[in-house]
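Following this message is one structure expressed as C-alpha cells.
The values are calculated or read from the model by the stated rules, or taken from the named source; none is laboratory data. Not measured: the values here are computed from a predicted model. No Cβ is skipped: glycine too gets one built from the backbone with ideal geometry, and neighbour counts run over all protein chains shown. Ligands, DNA and RNA are stripped out before the accessible areas are found, and what is left, the full protein with its side chains, is counted by its heavy atoms. Shrake-Rupley method; radii C 1.70, N 1.55, O 1.52, S 1.80 Å.
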Amino acid sequence: MDSNLGYAGGAPKARLPLLQRIGTQRVVRFLFGSAATISTLVIVLMLVFLGIYAFPAIRFNGLGILTQSVWNIGDQYGSGHVVRAGITAMQGAQFGGLVFVFGTVVTAFVAMLFAVPLSLLVAVALVYRVPPRLRPLVNAVVELMAGVPSVVYGLWGIVVLVPFIGQRLGPWTTEHLGFLPFLGGPAGSGNGLLASSVLLSLMAMPFMVATIRDVILAQEKSIFEASMALGSTSWQAVTKAVMPSVTNGIFAAVLVALGRALGETMAVLMVCGGAVGIFAQNIFQSVNTIAAVIVSQLESALTDPTGLAQKSLAELALMLFVITLFVNIVARLILHGADRSGEA
Amino acid sequence: MRATTLRNRVSGQFWWAASVVALLLVIAVLVAIFGFVISRGLPALKPSVLFTVTSGTSGGLANAIAGTFLLVICGVVLVTLIGIGTALWMVEFANPSQRRLVRFAIDVLAGVPSIVVGYFLYVALVESLGWGFSLLAGAISLTIIMLPFVVRAADLALSGVPRALRDGAIALGARPATVTFSIAIPWAIPGILTGLLVATGIGLGETAPLIYTAGWSNFMPSLAPTHSPVGYLTYVVWTFISMPFSDSHALAYAAAALLMILIFTLNLVSRTAVDYWVLRTRGG
C-alpha cells in the first residue's frame, strides 16, 4: 500500500486552537464516547420504557396475553368497569394475543420454508455458476432487491399476488389438493398466511443470499478443489464438503432473517387479512401478526379511556422485542462460535 | 468419498440446473416487481402531481415528497453525527471489551423491529413528552433505524485505515486528534459515505416507525420540530392503495415509483461514484 499522505492537506494545527488548550483529546473522547453510548442507551430505554408503560397491562392480562385469543377493548358506551389485579378496564375488556403470536410465528416459519432452500440454491449458483463477467450485475440486482421498501412489496402483494392467490391458486388448490393438511377448506380472499409468507420470503432472500454467498466465498477454495480431486462431482463437492464447513454462517444468516421476518410490519399488514379472534385453518386464510396488529389496532386502542388497550399493545411490542432479541442473540452466539473455531 | 457414479453425476447436473433456475426465478420476480411499479407509476407521475398537495384521497404528492426529504435529511444529519462519533470512539478510544459491547448493542439495535422503535417513540416522545406527531419524533425514529448501517460501515472503513499511515503521522509528530481528523477520517470517507447512502435508502423506504411518530399531513410540512405532523411517500403507498378510488390508486403508484427511482439512483451513486472516488484519491 502506498502511503499517500498528500491528500491529507495542510496540517490543521490552527483548526482547533481553543480545544487544544483545554485538551482536545479529552473533549473529542467525551463527544465520541457520548455518541457511542446512545445505541446502548436506546436499547435500555426501550426495554425500560415499554416495560413500565405496559406494566398495568402485564398485571391485568396475566398469562392471558399468551393463552387467550379474544382481543376486545371493552364496551366503550357502557359505564361498567372490571377491576382485575388492581387494574381498571372497561366492561368486557379482554386482551388475548394468541392469534397474533400464532400469526407472527407461522408466517415467519412458512416464509423460511420457502426462503432458506431457495437462498441456498441461489447463493450456490451465484458463486459457482454465474460467469465472472455477470457477477457484479447479479450482485447489484440482489442488493437492489434488499433496498426495495416493504410498502412496495406490499403494493405488489395487494395488486398482483393477493388476486392471484384468491382467484386462481387458492380455489384450484383447495379443490384438487384439499385432502392434504393445511390445504383444504375455504380458500378465502387471497389475503392471508400464504400471501404474507411469500412476501416475507421475498424480502428475506436478498439478505440471506448475500450472506451465504459471502460465507462460501470466505471459505478456502481449496475445500472445493480438494473434494473434486478426491473424485466427487462438483455438486457433491458443494453439498458434502463446502456447505458443511460453513453451516454456522448459514445458521446465523437464517436466524437474522427469521428475526426480521418476525418483526416485519408493512408488507404483512397489507396482505395478511387482519384476523382478530380467529385462527387460520389453512394456508390461504386470514392471519395477523404482532407487528401488524400494533399498527392496525392502535387507532381503536386510543379510544379506550382507561388506556389499557394501548398498554396491552405495548405489552405485545415488548414481547416482539424480546422474541427478536432472543433470535438475534442466538445468531450472534453461533457466529461468535464460528469465529473462534476459524481462529483455532 | 466414493468414486462418482452415473447416478451422482445425473443428480448433480439436476441440482445445478435447479440452482440456476432458482437464481433466474429470483431475478425474474425482482424485475416483475420493478416493472410493475414503474409501469403503473410513471404514467401517474405527472408534473402536477409533484407540485400540488394531497387533498383528501387525491391531488398530488408535494407534501409527501417534501416531508420525506425533510424527515430523511434530519435523520441523516443526526445519524451522521451519532454514527460516525460511535465508530470513531470504537476504533480510536475504546478497549476491546468496550468495542465488543458497542458492536453487540449495534447488532441488537439492527434486529429491533421497526414498529417497536415506532411504538416506543410514540409512547416516549409523542405522548409522554407531549411532542405530538412531529418532524423531530419522525427523524429520531429514522435515526435509530439507520444507526446500525452507518456505524457498521464507518467501523469497517475506519478499522481499515492502514497502520503504516497512522504510525507515519505519529512519527512525524502529529497529535492523536490530528491523526483522527486528518488521516483516519479522510481515508475512511468513501466507506462511511457508502454506509450513509445505504442508510438514506433505508430511511426513504421506511414506514412503520413513522406512522405513530411523524403522523400524516395533507399540508406542506412546517419547519416546526414538534406539534406539527409531517406527510411522507410510503404512507401514501400504504393507505391509498386500499381505497376504492382510481385517483388514490394512481397516487399510490406514483409514490411507489418515485421511491423506487430515488432508491435505485442512490444505489447506483453509492456503487459508481464512491468507487470512482476511491480510485481517484488512492490512485488504485
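Please compute the modelled spin-label separation between B:Thr5 and A:Leu230, points set 7 Å along Cα→Cβ, answer in nm with one decimal.
Once both label points are built, they end up 1.8 nm from each other.
Calculated FRET efficiency, A:Glu143 and A:Phe326, Cβ-Cβ r, R0 22 Å, to nearest 0.05?
0.15
Still on this structure: Provide the descending list of Cα extents for region B:1-44 along its principal axes, expressed in whole angstroms.
Taking the Cα atoms of region B:1-44, the three principal extents are 61, 14, 6 Å.
May I pose another question? Find the all-direction average of the projected area of the Cα convex hull for the protein assembly as shown, expressing the result in square nanometres with one decimal place.
With the hull built on Cα positions only, its mean projection is 33.3 nm².
Another question, then. Given Cα pairs under 8 Å that are at least 6 residues apart, what percent is the relative contact order of chain A?
It rounds to 23 percent for chain A.
Work out how much length A:His336 to A:Ser296 would gain on full extension: take 0.36 nm times their residue separation and subtract the Cα-Cα distance, in nm to one decimal. Don't skip to the end; give the middle numbers.
Details: separation 40, 0.36 × 40 = 14.40 nm, distance 3.79 nm.
In short, 10.6 nm is gained.
Packing-wise, with mean Cβ within 10 Å as the measure, how do B:27-36, B:184-193 rank, highest first?
On the way: B:27-36: 15.2, B:184-193: 20.0.
Result, highest mean Cβ count within 10 Å first: B:184-193, B:27-36.
Continuing with the same structure: Which Cα, out of A:Thr173, A:Ala54, A:Thr324, lies furthest along the positive dipole direction of the protein assembly as shown (beta carbon charges, K/R +1, D/E -1)?
Positive-end residue among those listed: A:Thr324.
Expressed as cubic angstrom per residue, what is the convex hull volume of the alpha carbon set of region A:263-310?
76 Å³
Bin all alpha-carbon pair distances of region B:115-219 at 5 Å intervals from 0 and give each bin's fraction as a whole percent.
2, 13, 17, 14, 12, 10, 9, 9, 7, 5, 2, 0
Which of the DSSP-defined H helices in chain A satisfy a minimum axial length of 30 Å, computed from C-alpha atoms, and a minimum mean Kyte-Doolittle hydropathy of 0.5? Present the calculation step by step, with values, prior to reporting the outcome.
Values: long enough: A:24-61 (54 Å, 1.40); A:98-128 (44 Å, 2.49); A:193-218 (36 Å, 1.82); A:308-343 (52 Å, 1.01).
In chain A, the long hydrophobic H runs are A:24-61, A:98-128, A:193-218, A:308-343.
Using a 7 Å offset from the Cα along the Cα-to-Cβ direction at both B:Ser58 and A:Phe109, what is the distance between the two label points in nm, to one decimal?
It works out to 4.8 nm between the two label points.
Picking from B:Leu147, B:His227, B:Thr5, whose Cα lies most toward the positive end of the charge dipole for the protein assembly as shown (charges on Cβ: Lys, Arg +1; Asp, Glu -1)?
So the residue we want is B:Thr5.
What helices does chain B have that are whole DSSP H segments, at least 24 Å long along their own axis by Cα, and with mean Kyte-Doolittle hydropathy of -0.5 or more?
Membrane-span-like by this criterion, though nothing is claimed about a membrane: B:6-44, B:62-88, B:135-159, B:185-205, B:246-282.
How large is the accessible surface of B:Asp275 in square angstrom, using a 1.4 angstrom probe and rounding to the nearest 10?
90 Å²
So what is the orientation-averaged projected area of region A:152-292, using the convex hull of its C-alpha atoms, in nm²?
Numbers: hull surface 42.6 nm².
For region A:152-292, averaging the hull's shadow over all directions gives 10.6 nm².
Still on this structure, I have one more. With runs of 4+ DSSP H residues as the only contributors, calculate the mean residue ellipticity of chain A at 222 nm using -39,500 (n - 2.57) per run, divided by the residue total and rounded to the nearest 500.
Rounded to the nearest 500, it is -20500 deg cm²/dmol.
Oh, and also: How many nm separate the modelled label positions at A:Thr37 and B:Thr226, each set 7 Å beyond the Cα in the direction of the Cβ?
Those two pseudo-labels are separated by 2.2 nm.
I would also like to ask the following. Please state the shape class of region B:210-284: rounded when a/c is under 1.5, otherwise prolate if a/b exceeds b/c and oblate if not, all from the C-alpha gyration tensor.
Details: a/c = 4.25, a/b = 1.84, b/c = 2.31.
The shape class here is oblate.
Now for a separate question. Tell me the net charge near A:Gln297. Cut-off is 14 Å between Cβ atoms, A:Gln297 excluded, with +1 for each Lys or Arg and -1 for each Asp or Glu.
The answer is -2.
Further question on the same structure: Give me the base-10 log of I(q)/I(0) for region B:48-282 at each q in 0.09, 0.15, 0.17 Å⁻¹, Debye formula, one uniform scatterer per Cα, rounded to two decimals.
-0.45, -1.01, -1.18
Hey, got the dipole for the protein assembly as shown? About the Cα centre, +1 on K and R Cβ, -1 on D and E Cβ, debye to the nearest 20? Numbers along the way, then the final one.
Numbers: 33 positive and 21 negative charges, 333 e Å.
About 1600 debye.
Can you grab the distance from the C-alpha centre of region B:17-82 to the C-alpha centre of region A:20-72, Å, no decimals?
Cα centroid to Cα centroid, the span is 32 Å.
Now a separate question. Highest first, please rank the peptides A:277-284, A:240-247 by the mean number of other Cβ atoms sitting within 10 Å of their residues.
On the way: A:277-284: 18.6, A:240-247: 15.9.
Highest to lowest by the protection proxy: A:277-284, A:240-247.
Taking every residue in B:231-241, how many Cβ atoms of other protein chains lie within 10 Å of its Cβ, on average?
4
Could you estimate the translational diffusion coefficient of region A:70-195 from the Stokes-Einstein equation, with Rh from the Kirkwood formula over C-alpha pairs, at 10 °C and 1.306 mPa s, in whole µm²/s? Write out the running numbers ahead of the final one.
Numbers: Rh = 19.1 Å.
Rounded to a whole number, D works out at 83 µm²/s.
Projected area of region B:93-132, taken from the Cα convex hull and averaged over every viewing direction, in nm²?
Details: hull surface 15.5 nm².
That works out to 3.9 nm².
Let me ask another. Which one of A:Ser296, A:Val256, B:His249 is farthest out on the positive end of the charge dipole of the protein assembly as shown, using unit charges on Cβ (Lys, Arg +1; Asp, Glu -1) and the Cα centre as origin?
A:Val256
Using helices alone, what [θ] at 222 nm do you get for chain B, with -39,500 (n - 2.57) per DSSP H run of 4 or more residues, divided over all residues and rounded to the nearest 500?
After summing the helix terms and dividing by residue count, I get -23500 deg cm²/dmol.
Once you have all Cα-Cα distances for chain A, histogram them in 10 Å bins from zero and send the whole-percent values.
5, 18, 23, 22, 17, 9, 5, 1, 0
In addition: Can you pull the accessible area of A:Phe95 for me, 1.4 Å probe, Å² to the nearest 10?
10 Å²
Rounded to whole Å and sorted largest first, list the principal axis extents of the Cα atoms in region B:1-147.
So the three principal-axis extents are 72, 56, 28 Å.
Give me the percent of accessible area attributable to carbon and sulfur for chain B, probe 1.4 angstrom.
70 percent
For region A:193-261 and region B:175-214, write down the distance between their C-alpha centroids in whole Å.
Taking the Cα centre of region B:175-214 as reference, the centre of region A:193-261 is 29 Å away.
Can you bin region B:145-284 into rounded, prolate or oblate? Criterion: square roots of the alpha carbon gyration tensor eigenvalues sorted a ≥ b ≥ c, rounded for a/c under 1.5, prolate for a/b above b/c, oblate for the rest.
Note, shape of region B:145-284 comes out prolate.
A further question follows. Assuming R0 = 60 Å, can you tell me the calculated FRET efficiency for the pair B:Ser242 and A:Lys221, based on Cβ-Cβ distance, to the nearest 0.05?
With R0 = 60 Å, the Cβ-Cβ based efficiency is 0.75.
Between B:Trp277 and B:Phe69, how high is the FRET efficiency from 1/(1 + (r/R0)^6) when r is the Cβ-Cβ distance and R₀ = 30 Å? Nearest 0.05.
0.80
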